[in-house]
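Have a look at the structure below, then the notes.
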Amino acid sequence: MTSIEQTLIRRLLISLGVIFLVFGMVLDYLVSARYSREHDRVIQAKARSLVTLTKYMDEGLELDFADEFMLEFGEQADQPSYFQIWTHDGTVLEKSDSLRQNNLNKPLFDDAATLAAVKVDLPDGRRGRLIGIRFIPQIEDDHYSDEKIAVIADQLRREPVILVVAEEREKLESALLTLHLTLAGFGTLALLLTTVLVRKVIRSGLTPLRELQEQVAQLDTHSLEKRLTSNYSVAELEEITNQFNQLLARLESGFLREKQFSGDVAHELRTPVAEIKALAEVAIRWPDDEAISSRFNSDVLGASIQMETTINNLLALARSESISEADCIDLVDLVFEAELSVKKHNVSSSGMKRHISLDVSGNVTIFSVASFVKLIIDNMIQNAIFHSENDSTIDIRIESSNGKFTISASNLTNVLEEQDLQFIFNRMWRKDKVRLNQDSNAISHAGIGLSLVHNYCNLLGYETLATLSNNVFTLAVSGSNRSIEATE
């Protein structure tokens, strides 16, 4: 597994190491080149001094050189330098006393070059630098006629005089070696110090992240109420901390809802189970009682239907929360589905004093998922019937205009308040007054219906709106679709 800390340290050290290496090599090259050029300039200066002393006199080409002014060319010099001059015909005109019986080698010149520089081994075994110059010496006018001067000059242009000067290079090479080692040493030391500093800085910089990691590691399903905190003002982690805390808040809320939902499910299923158990115990205790026997089957059937309906609603709710998209688009007649649902619930609630008014503005058909739309309409009407007051009117409206349809169900209620609207679509939410005052015939109502309506509307892209005005609760579902067809 890759570590952010180790990755940062490795990449920074490699990058800094490359920078140090390139910087050291460039600096070493520049300084070495500068020292080498200065050394060559010194040799060239001596060579050009000797060039100025080489002239054509009355006795021919001569070098007006005195050892006492340039002792390094003398035979007794401790660190001798060397020079040698060849005339145009290749004979040695003169050489330094330091050469004794030895001779220097003439360097190879390019065709048009007047200067050549090479590394050589000096006669005394030292490593040295040799610089050669091809030049035309001065011709003294007092000693030659114009015709003779022209002849000499022409010959010298064809075969110039060659002068070479050689000096030791060991001191320079020793200085350059010291420079190389110094740069390498400082570079290595700098890299070691950088390694320590980089590790320390990165570890210090990642301290808030490690603290955040430790806090996250301590979280579990029993500590979702905790929130992440940081003792450091780090802009990058602040947003992560806020987002993670928001996630914890959502998880905490979700776990609380699931916990409450589990309790509500157990409560809703316990009621019919307890009823069936009680009926069975009574039937077993008094097996010959005709009154008990006559009601036993119907009561068990009623309790079983209530349990089955609750389970089916729970399955539908789970399905609505797991489906990511709707498919199987059909043509759905909203009016027909509403009328069918009204008839069904009028029969099932025949013992309740409710009046249902169905107000339809024309025939409204839409392209949608038929099973989802039927479930939405059925639960809207069922919710209105079972939560309406006795001897009240339930208004069901279906209308369409400008490519948008609306289905609404309104019922009179004395138990809801404005602040309850925020919980209307929560799973298995019912107000306590509803639980206490629920009609004994109102089976299968477990507070799931509006959750189903809300979830399936979200899947279909429809809007849901719950309002309360003058004790009249209204649930409206609306949606727009280019395929909506309305006939006024």
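Taking the stated definitions as given, is Thr178 without any contact (Cβ under 8 Å) to a residue 24 or more places away in the chain and closer than 30 Å to Leu16 by Cα? Answer is yes for this residue.
Which of the residues that make up segment 84-104 are touching a residue at least 40 places away in the same chain (Cβ under 8 Å) and farther than 22 Å from Ile149 by Cβ?
Of everything in segment 84-104, those that are touching a residue at least 40 places away in the same chain (Cβ under 8 Å) and farther than 22 Å from Ile149 by Cβ turn out to be Gln84, Leu104.
The single condition among (1) modelled with pLDDT under 85; (2) under 60 Å from the mean Cα position of the chain (by Cα) that Val198 does not satisfy is (1).
Residues of segment 46-61 include at least one that is without any contact (Cβ under 8 Å) to a residue 60 or more places away in the chain and in contact with a Leu (Cβ under 7 Å, 6 or more places away or on another chain).
Can you confirm whether Val453 is within 44 Å of the chain's Cα centre (by Cα), at pLDDT 75 or above and aliphatic (A, V, I, L, M)? The answer is yes for Val453. Just one of the listed residues (Asn379, Asn383, Asn411, Asn426) is in contact with a His (Cβ under 7 Å, 6 or more places away or on another chain) and touching a residue at least 60 places away in the same chain (Cβ under 8 Å), namely Asn411. Out of segment 1-56, which residues are more than 23 Å from Val120 (Cα to Cα) and of a type in the set (Lys, Arg)? Answer for segment 1-56, where residues must be more than 23 Å from Val120 (Cα to Cα) and of a type in the set (Lys, Arg): Arg10, Arg11, Lys55. In summary, strands (runs of 3 or more DSSP E) completely within segment 37-96 and bearing 3 or more residues that are assigned by TED's automatic domain parsing to the domain that holds Pro160 and modelled with pLDDT under 90 occur at 54-57, 60-63, 92-95.
Considering (1) of a type outside the set (S, T, N, Q); (2) modelled with pLDDT of 80 or more; (3) assigned to a helix (DSSP H, G or I), the lone condition that Ala266 does not fulfil carries the number (2). Return the total of residues in segment 208-258 being within 22 Å of the chain's Cα centre (by Cα), of a type in the set (Val, Ile, Thr) and either assigned to a loop (DSSP other than H, G, I, E, B) or loosely packed, with under 11 Cβ neighbours inside 10 Å (or both). Qualifying residue count, segment 208-258: 1. Once segment 393-407 is narrowed to residues that are closer than 14 Å to Val477 by Cα and crowded, with 20+ Cβ neighbours inside 10 Å, the residue that is modelled with the lowest pLDDT is Ser400. The residue that is surrounded by the fewest Cβ atoms within 10 Å (Cβ to Cβ), among those in segment 456-480 that are within 41 Å of the chain's Cα centre (by Cα) and not in a strand (DSSP E or B), is Gly461.
What helices (runs of 4 or more DSSP H) lie completely within segment 276-389 and have 3 or more residues being at pLDDT below 80? Explain how you work it out, then say what you get.
Working: elements: 290-322, 334-348, 370-386.
In segment 276-389, 290-322, 334-348 are the helices (runs of 4 or more DSSP H) which contain 3 or more residues that are at pLDDT below 80.
Of the numbered conditions (1) closer than 21 Å to Leu315 by Cα; (2) in a helix (DSSP H, G or I); (3) at pLDDT below 85, Val434 fails exactly one; give the number of that condition. Status for Val434: all satisfied but (1). Contact map, segment 352-376: residues that are surrounded by fewer than 16 Cβ atoms within 10 Å (Cβ to Cβ) paired with residues that are of a type in the set (Gly, Ala, Ser) and in a loop (DSSP other than H, G, I, E, B), Cβ distance under 8 Å, separation 6+ or inter-chain. Pairs shown: Phe367/Ser483.
The residues of segment 192-207 that are surrounded by fewer than 12 Cβ atoms within 10 Å (Cβ to Cβ) and among the β-branched types (Val, Ile, Thr) amount to a single one, Val196. In segment 76-83 there is at least one residue that is over 30 Å from Ile152 (Cβ atoms), surrounded by 13 or more Cβ atoms within 10 Å (Cβ to Cβ) and without any contact (Cβ under 8 Å) to a residue 24 or more places away in the chain.
The values are calculated or read from the model by the stated rules, or taken from the named source; none is laboratory data. All values reported here derive from a predicted model rather than from experimental measurement. As a convention, Cβ positions derive from the backbone with ideal geometry for all residues, glycine included, and neighbour counts pool all protein chains shown.
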